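Shown below is the structure under consideration.
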Amino acid sequence: MIFSTKAEYGVRVMVELARRTGEDPVSLTEIADSDGLPLAYLEHLA
């Protein structure tokens, strides 16, 4: 199955947020750095 970039990055962000449940708030910068995703693209998804 082929997903769009938007869908793939959206799922990756949700997985990262789920991993950090119960921790302090997480910034998009932290998520971008930890998953190797472009911050500018994530800013458009949020």
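Pull out a ≥ b ≥ c, the square roots of the eigenvalues of the alpha-carbon gyration tensor of the chain, then state rounded if a/c is under 1.5, prolate if not and a/b is larger than b/c, and oblate in the remaining case.
It is oblate, given that a/c is not under 1.5 and a/b is not larger than b/c.
What are the ³J(HN,Hα) values, in whole Hz, obtained from phi via the Karplus relation 6.51 cos²θ - 1.76 cosθ + 1.60 with θ = phi - 60°, for each residue of the range 4-21 in sequence order, with x given for Gly and Pro?
Computed from phi, the couplings for the range 4-21 are 5, 4, 4, 5, 4, 5, x, 5, 4, 5, 4, 5, 5, 5, 5, 5, 9, 4 Hz.
Oh, and also: Do any GluC sites (Glu not before Pro) in the chain lie in a DSSP loop with no more than 14 other beta carbon atoms within 10 Å, and if so, which? Can you show the working numbers first?
Details: sites: Glu8, Glu16, Glu23, Glu30, Glu43; in loops: Glu23.
Those satisfying the criteria are Glu23.
Ok, one more. Can you give the calculated 222 nm mean residue ellipticity of the chain, where each DSSP H run of n ≥ 4 adds -39,500 (n - 2.57) and the sum is split over every residue, rounded to the nearest 500 deg cm²/dmol?
About -19000 deg cm²/dmol.
What does the extension gain come out to for Ile2 and Ala46, with contour length at 0.36 nm per residue minus their alpha carbon separation?
On the way: separation 44, 0.36 × 44 = 15.84 nm, distance 2.21 nm.
Stretched out fully, the Ile2 to Ala46 stretch lengthens by 13.6 nm.
No lab work stands behind these numbers, since they all come straight from the coordinates. Everything numeric in this text was worked out from a predicted model, so none of it was measured. Glycine also receives a Cβ, built like all others from the backbone with ideal geometry; neighbour counts cover every protein chain displayed.
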